[in-house]
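Beneath this line is the structure, given in structure tokens, with notes to follow.
The values are calculated or read from the model by the stated rules, or taken from the named source; none is laboratory data. Since the model is a prediction, treat every value here as computed from it, not as a measurement. For neighbour counting, all protein chains shown are included, and Cβ atoms are generated from backbone atoms with ideal geometry for every residue, glycine included. Keep in mind that these areas ignore ligands, DNA and RNA; they rest on the heavy atoms of the full protein, side chains included. Shrake-Rupley method; radii C 1.70, N 1.55, O 1.52, S 1.80 Å.
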Amino acid sequence: MVDAAREVWITGIGIVSCLGEGADAHWQGLAGQTVNIDAARFAPFPVHALVPLELDKQIPKKGDQRQMEAWQRIGVYAAGLALADAGVKGNAELLGRMDMIVAAGGGERDIAVDGTILSNRGKAADPGAYLNERLMSDLRPTLFLAQLSNLLAGNISIVHGVIGSSRTFMGEESAGVDAVRIAHARIADGASELALVGGSHNGEREDLLLLYDAGGHMLRGDFKPVWERTGGMVLGSLGAFLVLEARDHAQARGAKPLARLSSVKSERSARPPGAVTGALTKMWQSLAPRTAGPGLAIVSGATGAEPATAEERAFLKSVGDLPMRATGSYLGHGFEPQFAMNIALASLALGREKLFPPATGSGIEQGYEGPLDRIVVTAVGHWRGEGLALVERAA
């Protein structure tokens, strides 16, 4: 337990997804049990497509917009929403010492180049030489096979002026968990006062659908909520950023908390059978006694991929009859930003002192109208990595 002066408050959230942009749009979508699915564009894979964004509102320069690919525009836009929500946007003094931790993948590939190589490599007299020639001549000279992951942090700095320390993590769901964990730890330990943390993901990409389907991770055909699938993810385009702040720093500038981020735990089990359940149980026990008593709910980041989702379900059964929601049924799965997104949604629920309705008719998620003052957010990677966060209503 950190000293009260070093409590970590969430003072701003910026979120974009298939449900819209910002807190109100997301709460309305969740409360209305809205599921927006594009089943045709990437058939047989359903996707949760991002709503259209008025980029000028958060990325005013057309030149900045043009030099970013979709995943960067999504992240820079969400970061701007978070900064505005926290009341720090445009404040050069605060932004000049704001730390930033970004979780991002390797960026977007050049689909046209990939397609040409895949179509013609088998026809070449010397496939190896052909591949080398095409990669040397067809890719932009500043990039490798995909864009550099730290371009997102760089563009947030350029567009929004966040120029404190900067860190970028790669590694799918684990990167998102550790980004939040380290931002929280730095503030709790006094190494930081103010931080922007989160990430972005463009799920509307043929290369990703091919990649994850080749690994057996994708849902094909008709959409189903997470707990009703026999296995498989539905990708979503997400941008999610949180402004985390030391309590005393926030109070000094008159900022109000959306919620308190009390604890963030991370594990990386080797994934033999039962390992996910064991890792989650270990982290859950480390949160005791704050997981005891009424007013507790769970927001799950379950992906739908197996066997990870079944093992998370076994853990959820083991902790008792707690109200639980899997947000992937509404938003899809976005890898790096999923954890920050779910912490943001937990903050919204705590602020309204009620849980949004279930998205499934399977009976696994039940309606709940009771008290709500704490939410545990889970993250179980589709292939590796586990995490928990405890988010509490701030006084």
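Among the residues of region 349-366, count how many are touching a strand residue (DSSP E or B) at 6+ places or on another chain (Cβ under 8 Å), at pLDDT 95 or above and surrounded by fewer than 21 Cβ atoms within 10 Å (Cβ to Cβ).
Adding up the residues that qualify gives 1.
With a cut-off of at least 2 residues that are of a type in the set (S, T, N, Q), at pLDDT below 95 and more than 25 Å from the chain's Cα centre (by Cα), name the helices (runs of 4 or more DSSP H) lying wholly within region 83-185.
Values: elements: 92-95, 111-120, 127-138, 151-160.
Where helices (runs of 4 or more DSSP H) fall fully within region 83-185 and carry at least 2 residues being of a type in the set (S, T, N, Q), at pLDDT below 95 and more than 25 Å from the chain's Cα centre (by Cα), they are 111-120, 127-138.
Pairs please, first residue from region 26-41 and touching a residue at least 24 places away in the same chain (Cβ under 8 Å), second anywhere and surrounded by fewer than 16 Cβ atoms within 10 Å (Cβ to Cβ) and not acidic (Asp, Glu), Cβ atoms under 6 Å, 6+ apart in sequence or on different chains.
Gln33/Pro357
Which residues, counting only those in region 264-322, are acidic (Asp, Glu) and over 23 Å from the mean Cα position of the chain (by Cα)? Quick ask: steps written out before the conclusion?
Looking only at region 264-322, we keep the residues that are acidic (Asp, Glu), and these are 267, 306, 311-312, 321.
Passing the criteria: only Asp321.
Residues are listed down the side, and each one gets a yes or a no for (1) farther than 28 Å from His184 by Cβ; (2) out of contact with any Gly (no Cβ under 8 Å at 6 or more places or on another chain); (3) open to solvent by less than 10 Å² (accessible area, probe 1.4 Å):
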{"position": "Leu30", "(1), (2), (3)": "no, yes, yes"}
{"position": "His48", "(1), (2), (3)": "no, no, yes"}
{"position": "Asp56", "(1), (2), (3)": "yes, yes, no"}
{"position": "Arg73", "(1), (2), (3)": "no, yes, no"}
{"position": "Ala84", "(1), (2), (3)": "no, no, no"}
{"position": "Asn91", "(1), (2), (3)": "no, yes, no"}
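Could you list, in sequence order, all residues of region 228-263 that are open to solvent by less than 30 Å² (accessible area, probe 1.4 Å), on the phi < 0 side of the Ramachandran plot and more than 18 Å from the chain's Cα centre (by Cα)?
Arg229, Glu245, Ala246, His249, Ala250, Ala255, Ser262
Conditions tested, residue by residue: (1) polar (S, T, N, Q); (2) in contact with a helix residue (DSSP H, G or I) (Cβ under 6 Å, 6 or more places away or on another chain); (3) under 29 Å from Met218 (Cβ atoms).
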position: Gly334; (1), (2), (3): no, no, yes
position: Met341; (1), (2), (3): no, no, yes
position: Gly351; (1), (2), (3): no, no, no
position: Gly361; (1), (2), (3): no, no, yes
position: Ile364; (1), (2), (3): no, yes, yes
position: Arg374; (1), (2), (3): no, no, no
position: Gly381; (1), (2), (3): no, yes, yes
position: Leu390; (1), (2), (3): no, no, no
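Looking at (1) over 29 Å from Phe45 (Cα atoms); (2) surrounded by 16 or more Cβ atoms within 10 Å (Cβ to Cβ); (3) free of Cβ contacts under 8 Å to residues at least 60 places away in the same chain, find the lone condition where Arg393 falls short.
(3)
Please count how many residues of region 291-309 are touching a helix residue (DSSP H, G or I) at 6+ places or on another chain (Cβ under 8 Å), surrounded by 21 or more Cβ atoms within 10 Å (Cβ to Cβ) and farther than 14 Å from Ala379 by Cα.
1
I'd like the full set of residues that are within 16 Å of Arg41 (Cβ to Cβ) and either buried (at least 23 other Cβ atoms within 10 Å of the Cβ) or at pLDDT 90 or above (or both), limited to region 198-218. Spell out how you get there, then give the answer.
First pass over region 198-218, keeping only residues within 16 Å of Arg41 (Cβ to Cβ): 202-210, 213, 218.
Matches in region 198-218: Asn202, Gly203, Glu204, Arg205, Glu206, Leu208, Leu209, Leu210, Asp213, Met218.
Only one of these is in contact (Cβ under 8 Å) with a residue 60 or more places away in the chain, open to solvent by 10 Å² or more (accessible area, probe 1.4 Å) and more than 30 Å from Ala252 (Cα to Cα): Ile163, Ile111. Name it.
Sole residue among the options that is in contact (Cβ under 8 Å) with a residue 60 or more places away in the chain, open to solvent by 10 Å² or more (accessible area, probe 1.4 Å) and more than 30 Å from Ala252 (Cα to Cα): Ile111.
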